[in-house]
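Report on the structure given below.
The values are calculated or read from the model by the stated rules, or taken from the named source; none is laboratory data. Worth saying up front: this structure is predicted, and the values here are computed from it rather than measured. When we count neighbours, we look across all protein chains shown, and the Cβ atoms used for this are built from the backbone with ideal geometry, even at glycine.
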Amino acid sequence: MKKSLSLLLCLALVATMTAGCSGSSTSSDNSDVIKVGVFEPLTGANASGGELELEGVQLANKLRPEVLGKKVELVVADNKSDKAEATTAAARLIEKDKVCAILGSWGSSLSMAAGDIVKSNKIPAIALSATNPQVTLGNDYYFRVCFLDPFQGTVMANYAYKTLGAKKVAIVQEVSNDYSVGLAKFFTDAFAKLSGDSNAIVSTGNYNTGDQDFNGILTNIKATNPDVIFAPGNYTESALLIKQARALGITCPIIGGDTWETNEFITVGGADVEGAVMSTFFDDTNPPTEAGKTFVAEYKKLYPDRQNIPAVTALGYDGYMMLMDAIERAGSADPQAIRDALATTTNFEGATGVITINANGDAEKNSAIVKVVKDGKFTYLDTVTITQ
Amino acid sequence: MVVGMTLSTFLQQLINGLSLGSLYALIAIGYTMVYGILKLINFAHGDIFMMAAYFAYFGISVFFLPWYVTFIITIILTMLLGAGIERMAYRPLREAPKTSLLISAIGVSFLLENLATYLFSGKPQAFPEFPAMTTPIFVGGLSIQPVSIVIPIVAFFLMTVLLFIINKTKVGMAMRAVSVDYDTAKLMGIKIDNVISSTFAIGSGLAAVGALLWCMKYPSVLPLMGVVPGLKCFIAAVIGGIGNVKGAVLGGLILGFSEVLMVAFFPSLTGYRDAVAFIILIIILLFLPNGILGKKQVEKV
Amino acid sequence: MKNTQNSLGAYLKKHWKTVVFLVVVLIGIGIADQFVNSFMRRLLNLSAIYTIVALSMNLVNGFTGQFSLGQAGFMAIGAYTVAIFTVPVGLRSTIFYLAPMAPFLANIQLPFVVALILGGFLSAGVAFLIGSPCLRLRGDYLAIATLGFSEIIRIIFTNTQTITNGALGIKSIPTISSLWWTFGIALIVIIACFLLINSSYGRAFKSVREDEIAAEAMGVGLFKTKMTSFLISAFFTGIGGGLYAALLGTVDPKQFYFTLTYNFLLIIVLGGMGSISGTIIASFVVTLGQEALRFLDEPMAFGLDLPIFRPGLRMVVFSFLLMVVVLFYRKGLMGTNELTWNFIANKFRSIKSRFTKKAASAQGGDSK
């Protein structure tokens, strides 16, 4: 038995290596298919976000399956919400599957992990909902269709200061998540500037990914009596956090960022997340453009039972459509040409708004949607436009 | 850095610590029982806890069974799961060197986690609400959820029942015999397999109760939810003296209180919260290698 | 002088097969470095790095019999050392955008090799601090204690914002893509381990593994032996971690969760806990195998749309295979044997004899 096992494994090893070595050069991009890589977390902690984005991309692909007379094939790679997997998955899409462009990922740190790879291989990539500025900074090959965290932080700070009239704020951040830490900092800076009070943040609570017990930090926060709590963490922990805050008798408003807008936030949070306010990218009851209306209509046709449309799905849709537009303008599926075409995207009508790509590769967006949870659904509250 | 606080805040933190500590205690008992008998750290215990949570979730939210039926079924299923794991992954290795057994435990843990991720997806599932348990009662400036009081009561009750079984019944005597001297117990005609299976079943059953109470308090079910509690509860068991049921409860409470009070008094260090468990563990292992209530183990040549 | 030259020459002559094999391997690496595409290159680099770390782990767990689960922490130390000291000074303020880098570190930039070796030494230093209290503990307690320290290291790295950039991690680490780095260092580690195991140190390790009390009675310094093995292991693991950082180009604390250690445990169990060659083979099989099994995560277009194939299946199959190995092939691939020339020759002989036996019995001869 032992011998056959070792023989088998050795053969497997040899087979994989030969397969890997040879398989790369067979697929060519002169065929009738244009391959687009989709790079998302489909398992692991961020699976929800990844799946929703993928749906948006797939819907767009269904509506526009061809460009330049060739069929567009989506190659999906799961990065397991893990950075090391992200680099391997991205490398695989580029090397083995020979994609001409990449869409993704949900989660700024996962996108950043792929950043160096797309840059050195000169394949353009579009981040769909990654909001950390570091994703596109210094990387000519990474673009973005959503707004950035400094902007988002300012939006929520404005909401807290102007609409809620808050003077004292408590912050609860997921200290092992760079998105959370970054957004908290941008909010803090913006709020301090607005209120002129550098001590406006009265309490900061830190927690780690996967934590379930927040009573300790919340009790501390309660003692400092803030007017509002800003908790820009992932929906998994945030839902529990809000429940425990309410159970402890904290009644002030709790606000957060775009990662809250998932179904699980409401199912886990239950009645306690009523009234939670967050910033996000898209509102399906009020699409800002014709493309948006088309998107909403097609989505409702495909998924008639779903209550509302998550913003990241709309961003997935926009990412794909913008890519198609760029390929058309470039006139070819050559990655460099696509990249250059993306960089000059001007006034592209996406579902989430009109997109113009600036020098950094970011979409010039100066307005964000603010939503509130009402009657168990994400409901439109306000559009905040900030002119710099 | 040390934060001064009002009496009511302090009392609130004490309540937080008590309920967290009792949850840890419940799960730690399972670890300690298995270790006492087999001298095995059952790395899979935390994942058995996780599976129990999923069983309960499916029972209530997917199959729409009434909660008391689901709870009973969950406990039974988990006990079967625990005994089953023992039968398939640990019993064949009983004569093998210790390391193989440990690796097998890690392997089972790994398998359960991946299985759960594959079957149930990595997204958190919402455990159904139990408003009777979670609606807080406000006394003075304190907020007390009924579940926070139920947990310590259940933990102490189960501990007492378990101690009774171990000390006053025949089955318990058999367990004690096996844990003191495995080979002699076999020679004396004790049915080793049955004793070990029952130990695993009881330990897993306790984990199931722990899971149900945990989910009432923290209603989010994830495939990896058992990893950190599992590790911490093992540490709790070691702190109290592994192999000792009272020690496990003591260890759980110490751990729960330390965590919460550290967060309360040193809010800027909350990022280091998980490190507290490990630091206490190492200190205990260095100065009281057999835990607080543990007995000295003599290794025979 | 003449004597040593003679004995070196004699040694090489005696092991001519190994020497030839080594030369072939080196040529192979050189060819691969030129022609292999960058995805395969990444996989090969990763396999080599895993080999380095798995070998170091096997040194402690397999050869000295001490169940240590601290590899992830040591890798983290090595990885962060390389990250902190090789990122160009000019980029540092953009990376450390939340809180500026600690001034005493901000301007030091070291060449890659220096940072790598420094990482190894720091790792060994921490191992000394950890080992002093822990190596006195019994088997399972040692496992939990080392796991605890590995987690403590990770948690510290998550919180020291000015040194490690906390949760944000460090990116833009200058990358290495040449196979020579990883394979070269792997070869050095393999040779070092081989020499170590066949020396008096190695014999001391194995005696501690077999029976601690007897070993002590025979005069083997228990603590000293365990500590030596632990330190060397940590040193190599730190270097492996540094290479890992340079391969990925980014580090962050979440990569060094203790589940990373499980990967290496899997490799050494699969390869056989007392075998160097087993570990090497297993590292490649596991790393390449994980990629090869990726197809399990995608829906299979067999004409049927089987919902079985979706993300996550790959890891389930993987853990299942691990359980099979643990339960049925407990000694792993090689057990405590090494892949020597005699071993291969014997294998061929036994396979050949099995075929001739079959042929003989098929001709209706006697059964033996």
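The C-beta contact set for the stretch B:256-269 (first residue more than 13 Å from A:ASN215 (Cβ to Cβ) and more than 9 Å from chain A (Cβ to nearest Cβ), second residue crowded, with 18+ Cβ neighbours inside 10 Å and polar (S, T, N, Q), distance under 9 angstrom, 6+ apart or interchain) comprises B:PHE265/B:GLN13.
Every residue, every condition in (1) in contact with a strand residue (DSSP E or B) (Cβ under 9 Å, 6 or more places away or on another chain); (2) surrounded by fewer than 21 Cβ atoms within 10 Å (Cβ to Cβ); (3) at the interface with another protein chain (Cβ under 9 Å from one of its Cβ atoms), yes or no:
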| position | (1), (2), (3) |
| --- | --- |
| A:GLY56 | no, no, no |
| A:LEU59 | no, no, no |
| A:LEU63 | no, yes, no |
| A:VAL67 | yes, yes, no |
| A:LYS71 | yes, yes, no |
| A:VAL76 | yes, no, yes |
| A:SER81 | no, no, yes |
| A:THR87 | no, no, yes |
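With respect to the conditions (1) surrounded by fewer than 23 Cβ atoms within 10 Å (Cβ to Cβ); (2) outside the structural domain of A:LEU315 (by TED's automatic domain parsing); (3) among the hydrophobic types (A, V, I, L, M, F, W, C), A:ALA330 lacks only one, and its number is (2).
Quick check on C:SER207: is it of a type in the set (S, T, N, Q) and touching a residue at least 60 places away in the same chain (Cβ under 8 Å)? Against the criterion (of a type in the set (S, T, N, Q) and touching a residue at least 60 places away in the same chain (Cβ under 8 Å)), C:SER207 does not qualify.
If I ask for residues that are at pLDDT below 90 and either assigned to a helix (DSSP H, G or I) or among the aliphatic types (A, V, I, L, M) (or both), which ones from the stretch B:31-57 would you list?
Step one: list which residues in the stretch B:31-57 are at pLDDT below 90, which gives B:31-43.
If the condition is that a residue be at pLDDT below 90 and either assigned to a helix (DSSP H, G or I) or among the aliphatic types (A, V, I, L, M) (or both), then B:TYR31, B:THR32, B:MET33, B:VAL34, B:TYR35, B:GLY36, B:ILE37, B:LEU38, B:LEU40, B:ILE41 are the ones that fit.
Looking across the stretch B:215-225, the residues that are out of contact with any strand residue (DSSP E or B) (no Cβ under 8 Å at 6 or more places or on another chain) and either in a helix (DSSP H, G or I) or charged (D, E, K, R) (or both) come down to B:MET216, B:LYS217. Within the stretch A:191-216, the residues that satisfy the criterion of being within 17 Å of A:GLY256 (Cβ to Cβ) and within 14 Å of chain B (Cβ to nearest Cβ) are A:ILE201, A:SER203, A:THR204, A:GLY205, A:ASN206, A:TYR207, A:THR209, A:ASP211, A:PHE214.
Per this entry, B:PRO124 is not counted among residues that are surrounded by fewer than 17 Cβ atoms within 10 Å (Cβ to Cβ) and either closer than 25 Å to B:THR70 by Cβ or within 14 Å of chain C (Cβ to nearest Cβ) (or both).
Where residues in the stretch B:89-100 are more than 8 Å from chain C (Cβ to nearest Cβ) and part of a helix (DSSP H, G or I), which of them is surrounded by the most Cβ atoms within 10 Å (Cβ to Cβ)? Spell out the reasoning first.
We begin by selecting, within the stretch B:89-100, every residue more than 8 Å from chain C (Cβ to nearest Cβ); these are B:90-91, B:94-95, B:97.
Pick out the ones that are also part of a helix (DSSP H, G or I) and you get B:90-91.
On the way: B:TYR90: 23, B:ARG91: 14.
Ranking the qualifying residues of the stretch B:89-100, first place goes to B:TYR90.
Determine which member of the set B:VAL147, B:VAL161 is modelled with pLDDT of 90 or more, in a helix (DSSP H, G or I) and hydrophobic (A, V, I, L, M, F, W, C). Let's see the steps before the verdict.
Numbers: B:VAL147 fails: modelled with pLDDT of 90 or more.
Matching residue, one of B:VAL147, B:VAL161: B:VAL161.
Determine, yes or no, whether A:ILE102 is at the interface with chain C (Cβ under 9 Å from one of its Cβ atoms) and among the aliphatic types (A, V, I, L, M). Spell out the reasoning first.
Working: at the interface with chain C (Cβ under 9 Å from one of its Cβ atoms): no; among the aliphatic types (A, V, I, L, M): yes.
In short, no.
Of the set (1) over 30 Å from C:PHE264 (Cβ atoms); (2) part of a helix (DSSP H, G or I), all apply to B:ILE103 but (1). Condition first: outside any loop (DSSP other than H, G, I, E, B), within 10 Å of chain C (Cβ to nearest Cβ), in contact with a Leu (Cβ under 6 Å, 6 or more places away or on another chain) and more than 25 Å from B:LEU213 (Cβ to Cβ). Can you find one or more residues in the stretch B:78-88 that meet it? No, the stretch B:78-88 contains no residue that is outside any loop (DSSP other than H, G, I, E, B), within 10 Å of chain C (Cβ to nearest Cβ), in contact with a Leu (Cβ under 6 Å, 6 or more places away or on another chain) and more than 25 Å from B:LEU213 (Cβ to Cβ). Restricted to the stretch C:136-147, and to residues there that are surrounded by 22 or more Cβ atoms within 10 Å (Cβ to Cβ) and more than 8 Å from every other protein chain (Cβ to nearest Cβ), the residue that is nearest to C:ASP211 (Cα to Cα) is C:LEU142.
Could you tell me which residue of the stretch A:89-99 is nearest to A:TYR317 (Cα to Cα), considering only residues that are at the interface with chain C (Cβ under 7 Å from one of its Cβ atoms) and charged (D, E, K, R)? This residue is A:ARG92. Being assigned by TED's automatic domain parsing to the domain that holds A:ARG339, modelled with pLDDT of 85 or more, surrounded by 22 or more Cβ atoms within 10 Å (Cβ to Cβ) and over 30 Å from A:PHE230 (Cβ atoms) is the requirement here; does A:ALA127 meet it? For A:ALA127, the condition - assigned by TED's automatic domain parsing to the domain that holds A:ARG339, modelled with pLDDT of 85 or more, surrounded by 22 or more Cβ atoms within 10 Å (Cβ to Cβ) and over 30 Å from A:PHE230 (Cβ atoms) - is not met.
Residues checked against (1) surrounded by 23 or more Cβ atoms within 10 Å (Cβ to Cβ); (2) within 27 Å of C:LYS254 (Cβ to Cβ); (3) modelled with pLDDT under 90:
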| residue | (1), (2), (3) |
| --- | --- |
| A:VAL145 | yes, yes, yes |
| A:ALA184 | yes, yes, no |
| A:THR209 | no, yes, yes |
| A:ASN215 | yes, yes, yes |
| A:PRO253 | no, no, no |
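List the helices (runs of 4 or more DSSP H) inside the stretch A:269-388, counting only whole elements, that have at least 1 residues being aromatic (Phe, Trp, Tyr) and out of contact with any strand residue (DSSP E or B) (no Cβ under 6 Å at 6 or more places or on another chain).
Values: elements: A:290-302, A:311-330, A:335-343.
Those helices (runs of 4 or more DSSP H) span A:290-302, A:311-330.
For the stretch A:244-280, name all the residues that are on the phi < 0 side of the Ramachandran plot and of a type in the set (Gly, Ala, Ser). Passing the criteria: A:ALA245, A:ALA247, A:GLY256, A:GLY257, A:GLY269, A:ALA271, A:ALA276, A:SER279. Out of all the residues in the stretch A:191-202, is one or more farther than 15 Å from A:PHE230 by Cβ, surrounded by fewer than 20 Cβ atoms within 10 Å (Cβ to Cβ) and among the hydroxyl-bearing types (Ser, Thr, Tyr)? Yes, the conditions are met somewhere in the stretch A:191-202. Which condition number does C:ILE267 fail, the rest of (1) out of contact with any Phe, Trp or Tyr (no Cβ under 7 Å at 6 or more places or on another chain); (2) at pLDDT 85 or above; (3) within 14 Å of chain B (Cβ to nearest Cβ) being met? Tallying (1) out of contact with any Phe, Trp or Tyr (no Cβ under 7 Å at 6 or more places or on another chain); (2) at pLDDT 85 or above; (3) within 14 Å of chain B (Cβ to nearest Cβ), C:ILE267 fails exactly one: (1). Of the helices (runs of 4 or more DSSP H) entirely within the stretch B:226-297, those holding at least 1 residues that are in contact with a His (Cβ under 9 Å, 6 or more places away or on another chain), more than 25 Å from A:ASN220 (Cα to Cα) and not β-branched (Val, Ile, Thr) occupy B:227-240.
Tell me the residue from C:PHE256, C:PHE205 that is more than 14 Å from chain A (Cβ to nearest Cβ) and under 20 Å from C:PHE67 (Cβ atoms), please.
Working: C:PHE256 fails: more than 14 Å from chain A (Cβ to nearest Cβ).
Unique residue meeting the criteria: C:PHE205.
Look at the stretch C:83-100: where a residue is under 14 Å from C:GLY166 (Cβ atoms) and a partner is among the hydroxyl-bearing types (Ser, Thr, Tyr), sitting 6+ places away or on another chain with Cβ atoms under 6 Å, you get C:ALA99/C:THR162.
For the stretch B:41-88, a tally of residues being surrounded by fewer than 21 Cβ atoms within 10 Å (Cβ to Cβ) and either under 24 Å from C:GLY139 (Cα atoms) or basic (Lys, Arg) (or both) returns 2. Kindly indicate whether A:THR219 is out of contact with any Asp or Glu (no Cβ under 9 Å at 6 or more places or on another chain), within 11 Å of chain B (Cβ to nearest Cβ) and not aliphatic (A, V, I, L, M). Yes, satisfied. Meeting the requirement of 1 or more residues that are modelled with pLDDT of 85 or more and within 30 Å of B:LYS232 (Cβ to Cβ), the helices (runs of 4 or more DSSP H) wholly within the stretch C:149-259 are C:222-248.
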